[in-house]
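Participant: Let me begin by handing over the structure; questions about it come next.
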Amino acid sequence: MSKLSPSRFPAKLLATMRMELDAAVNQIDKANRTPATKAKMAQRILRTATTGVTDARELRIAAIDEGKMPAD
């Protein structure tokens, strides 16, 4: 997989990332659904995408994994 620069993400990938973040937030414990945890999940999606992972399912899984523990 090639690395992607966030500044060069195609619009379609950005839309997918937003959609998968929202879907992932809806799949974590309600107690963890805070703005800080959502931000942490978004960062995880971004880090994952920069490694070349663009599959929607994989991005969602990464975000859900990050949302299992609430942000401090």
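Participant: Over the chain, with every protein chain in place, what whole percent of the accessible area is carbon and sulfur at 1.4 Å, could you tell me?
Facilitator: Numbers: 2590 of 4740 Å².
Percent of accessible area from carbon and sulfur atoms in the chain: 55.
Participant: Given the -39500 (n - 2.57) contribution per DSSP H run of 4+ residues, what per-residue ellipticity at 222 nm results for the chain, rounded to the nearest 500 deg cm²/dmol? Mind dumping the intermediate values first?
Facilitator: Working: 3 runs with 43 residues, N = 72.
-19500 deg cm²/dmol, from helical runs alone.
Participant: Taking 25 Å as R0, compute the FRET efficiency from the Cβ-Cβ separation of ARG33 and ALA56 and round it to 0.05. Don't skip to the answer; put the middle values down first.
Facilitator: On the way: r = 20 Å, r/R0 = 0.82.
Once the sixth-power term is evaluated, E becomes 0.75.
Participant: Take ARG18 and ASP72, extend 7 Å from each Cα along the Cα→Cβ direction, and tell me the distance between the two endpoints in nm.
Facilitator: For ARG18 paired with ASP72, the spin-label model returns 3.2 nm.
Participant: Give the label of the value calculated from the structure for Rg and Dmax of the Cα atoms in Å, choosing from (i) 15.7, 49; (ii) 16.5, 55; (iii) 11.7, 36.
Facilitator: (iii)
The values are calculated or read from the model by the stated rules, or taken from the named source; none is laboratory data. In this text the structure is predicted, and so the values were computed from the model without any measurement. Here Cβ is always computed from backbone atoms with ideal geometry, including for glycine, and neighbour counts include all displayed protein chains. The protein model used for the area step is the full one, side chains on, heavy atoms only, and it has no ligands, DNA or RNA in it. Shrake-Rupley method; radii C 1.70, N 1.55, O 1.52, S 1.80 Å.
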